[in-house]
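Contents: one structure, followed by commentary.
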Amino acid sequence: MKRKGTGPDGLVIVDKPAGITSHGVVARIRRLAGTRKVGHAGTLDPMATGVLVIGVEKATRLLGHLMLTDKTYEATIRLGQTTVTDDAEGEPTATVSTDGVTPEAIAKGVTALTGDILQTPSKVSAIKVDGKRSYALVREGAEVELKARPVTVATFTVHAQRAAVAEDGTPLIDLDVTVECSSGTYIRALARDLGAGLGVGGHLTALRRTRVGPYTVQQAHTLEQLEESFGTLPLGAAAAAAFPRWDVDADQARLLVNGVRLKSPGLAPGPVAVFGPEDRFLALVEEKHGQARPLAVFA
């Protein structure tokens with residue numbers, strides 16, 4: 001049962017702090033919401049901060065569709081040093097001077113990693129290999145080879161370039177960047193590949209997710225704020241923000257919630273949120289062969 005004073009079914013937009021796993025955030029929200037039916041849309045590494053979309057109760061059924069949306073990240077990439085994990089949490093594996101790396105070469109490398117690309121995920125990602133997480137296999141000392149996959153990097157913008165120095169005095173370069181990309185894109189892998197393309201190696205030193213689909217960090221609440229006052233973004237409002245909308249009349253609404261496929265009026269590609277009279281959120285549907293096929297019914 002839900003505790004008195006907690007929010008109804010809906011989304012919680014969390015500003016995740018560093019040092020906690022996404023699963024740890026879910027555990028905190030379960031306690032605050034008084035229910036175990038809580039999930040998240042897209043993992044953030046413990047090092048990363050920013051937008052983590054959490055679904056409570058019925059809203060967990062939205063999450064699989066929200067994971068397909070585009071995302072925005074602010075990050076810092078260190079050129080001249082590679083690590084085991086492609087980020088600052090891993091041990092350095094090589095350090096190379098960046099004295100010969102020019103801004104023009106960096107711009108060319110960034111351009112090569114922009115658009116529709118094939119990306120090999122980091123070996124310490126959560127991708128499953130033969131039923132086990134890749135990062136778990138790496139910790140066990142196993143050799144892991146992940147396949148490259150298509151992703152889209154809509155924008156990859158360098159805002160600032162600063163000199164840095166490794167512990168042994170080797171000159172390095174830090175880049176502050178913004179990346180807008182499709183779901184499934186690994187920013188650690190972009191850092192790794194940018195450094196590799198420049199011949200000096202690279203890894204990620206900071207990562208903050210500022211947007212998941214329509215949900216931004218400006219809407220997000222810290223865990224401390226949620227401890228003080230817990231609530232959710234209502235299911236209908238969450239769906240209306242994330243998906244194209246289709247309003248139906250009372251007869252169509254009744255047929256839809258009873259499992260009848262409605263004739264499609266020509267819906268946008270992908271999931272569409274269906275609303276009935278009195279702004280009641282009914283379902284997510286997609287068009288198939290001229291009909292609206294239910295993906296999930298919420299009424």
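A short reminder: the numbers here are calculations on the coordinates, not readings from a lab. Just so it is clear, the structure is predicted and the values come from calculations on it, not from any experiment. Note that each Cβ is placed from the backbone with ideal geometry, even for glycine, and that neighbours are counted across all protein chains shown.
Worth a mention:
- With contributions of -39500 (n - 2.57) from each DSSP H run of at least four residues, the per-residue ellipticity at 222 nm computed over the chain stands at -6000 deg cm²/dmol.
- 10 Å binning of all Cα-Cα separations within region 25-119, expressed as whole percents from 0 upward: 12, 29, 30, 18, 10, 2
- With 30 Å as the limit, the listed pairs LYS147/LYS263; LYS71/LYS288; LYS16/LYS263; LYS71/LYS147; LYS37/LYS71; LYS16/LYS108 have LYS147/LYS263; LYS16/LYS263; LYS16/LYS108 beyond it between alpha carbons.
- Computed E for ALA154/ARG30 - FRET, C-beta separation, R0 51 angstrom, nearest 0.05: 0.90
- Whole-Hz couplings from phi, Karplus 6.51/-1.76/1.60, listed for region 80-92; x for Gly and Pro: x, 8, 9, 9, 4, 9, 6, 9, 6, 7, x, 5, x
- Taking 11 Å as the cut-off, the amide N atoms of region 82-104 that come nearer than this to a point 7 Å along the Cα-to-beta-carbon line of GLU167 belong to 91-93.
- Taking other residues whose beta carbon is less than 13 angstrom from the beta carbon of PRO294, and scoring Lys, Arg as +1 and Asp, Glu as -1, yields +2.
- Region 167-181 and region 88-106: distance between their alpha carbon centers, rounded to Å: 7
- Those trypsin sites (Lys or Arg not before Pro) in region 15-44 that DSSP places in a loop and that have at most 12 other beta carbons within 10 Å: ARG36
- Among PRO269, PRO92, PRO121, the residue with the largest mean-square fluctuation in a Gaussian network model of the chain, with springs joining Cα atoms closer than 10 Å, is PRO269.
- The residue list THR111, TYR186, ILE77 was ranked by how far each Cα lies along the charge dipole of region 71-212 toward its positive end, using unit charges on Cβ atoms, and TYR186 comes out on top.
- Top of LEU79, LEU267, LEU204 by mean-square fluctuation, Gaussian network on the chain, Cα under 10 Å: LEU267
- A straight chain from GLU91 to LYS37 at 0.36 nm per residue would run longer than the Cα-Cα distance by 15.8 nm.
- Note: relative contact order over the chain, using C-alpha pairs below 8 Å and six or more positions apart, is 22 percent.
- Shape category assigned to the chain from the gyration tensor of Cα positions, a/c cut at 1.5: prolate
- Its Kirkwood hydrodynamic radius, worked out from the mean inverse distance over all distinct Cα pairs, puts region 71-212 at 15.3 Å.
- Potential extension, ALA105-MET47 segment - 0.36 nm per residue separation minus Cα distance: 18.0 nm
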